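Worksheet: one structure, shown below.
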């Protein structure tokens with residue numbers, strides 16, 4: 001049997017700017033992630049005949065995995081695959097939780113919402129999630145809410161103790177609402193902790 005396989009790798013930046021949700025121009029800076037995603041899908045169909053594929057696997061890591069949660073259904077539908085074909089999604093370490101830090105401050109939430117507004121990320125939200133959460137559609141930018149509305153087959157790969165989320169959501173300081181003046185693992189009283197010691201403080205049973 002002859003198996004023909006093709007792989008497409010799309011480079012990314014960081015977090016929402018890399019999650020293909022933006023659709024705006026702000027002070028000569030272009031946040032066009034969702035428009036780029038749409039163009040890529042069109043190119044794949046017109047020039048590469050991807051809609052004839054028998055199996056398609058969508059994956060990504062970290063911010064790229066967040067993209068998988070947000071766009072798997074949109075990508076699946078846009079590819080217009082033939083009946084009987086298979087589509088699956090495997091996000092790797094992208095289940096970023098909308099949680100407060102150690103002082104019950106919604107620092108991470110504020111930062112994500114700031115990026116959401118800057119990039120006009122409403123354009124790239126998963127529409128089923130938006131329909132299910134009409135009073136808070138912007139929450140669909142978080143993986144946990146997008147996941148609840150997904151219809152595509154998905155296998156989630158995520159650590160119990162995530163190397164980003166523990167220091168950068170639980171341990172992020174609350175001095176500001178931007179990435180520039182708020183650093184991972186620097187919550188008040190924990191500034192001198194290493195990543196391992198920060199983990200062991202809050203999850204001691206994993207370090208015995």
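Would you tally the residues in region 1-25 being out of contact with any helix residue (DSSP H, G or I) (no Cβ under 6 Å at 6 or more places or on another chain) and at pLDDT 70 or above? Number of matching residues: 9. For residue 87, indicate whether it is under 26 Å from residue 169 (Cα atoms) and in contact (Cβ under 8 Å) with a residue 40 or more places away in the chain. No. When residue 140 is tested against (1) part of a helix (DSSP H, G or I); (2) farther than 20 Å from residue 68 by Cβ; (3) modelled with pLDDT of 85 or more, only condition (2) is not met. Being touching a strand residue (DSSP E or B) at 6+ places or on another chain (Cβ under 8 Å), outside any loop (DSSP other than H, G, I, E, B) and closer than 18 Å to residue 125 by Cβ is the filter here, so list the residues in region 72-106 that pass it. Within region 72-106, 72, 75, 76, 89, 91 qualify.
With the structure loaded, tell me whether residue 172 is more than 18 Å from residue 65 (Cβ to Cβ) and modelled with pLDDT of 85 or more or whether it fails that test. No; evaluated as a whole, the condition is false for this residue. From 123, 146, which residue is in contact (Cβ under 8 Å) with a residue 24 or more places away in the chain and under 15 Å from residue 69 (Cβ atoms)? Among 123, 146, only 146 is in contact (Cβ under 8 Å) with a residue 24 or more places away in the chain and under 15 Å from residue 69 (Cβ atoms).
Residues in region 125-148 that are under 18 Å from residue 87 (Cβ atoms) and surrounded by fewer than 17 Cβ atoms within 10 Å (Cβ to Cβ): how many? Summing the residues that are under 18 Å from residue 87 (Cβ atoms) and surrounded by fewer than 17 Cβ atoms within 10 Å (Cβ to Cβ) in region 125-148 gives 2.
Please enumerate the residues belonging to region 33-58 that are touching a helix residue (DSSP H, G or I) at 6+ places or on another chain (Cβ under 9 Å) and part of a loop (DSSP other than H, G, I, E, B). Across region 33-58, the qualifying residue is only 53.
The values are calculated or read from the model by the stated rules, or taken from the named source; none is laboratory data. Keep in mind that this is a model prediction, so the values were computed, not measured. Because the Cβ atoms are built from the backbone with ideal geometry, glycine has one as well, and the counts that use them run over all protein chains shown.
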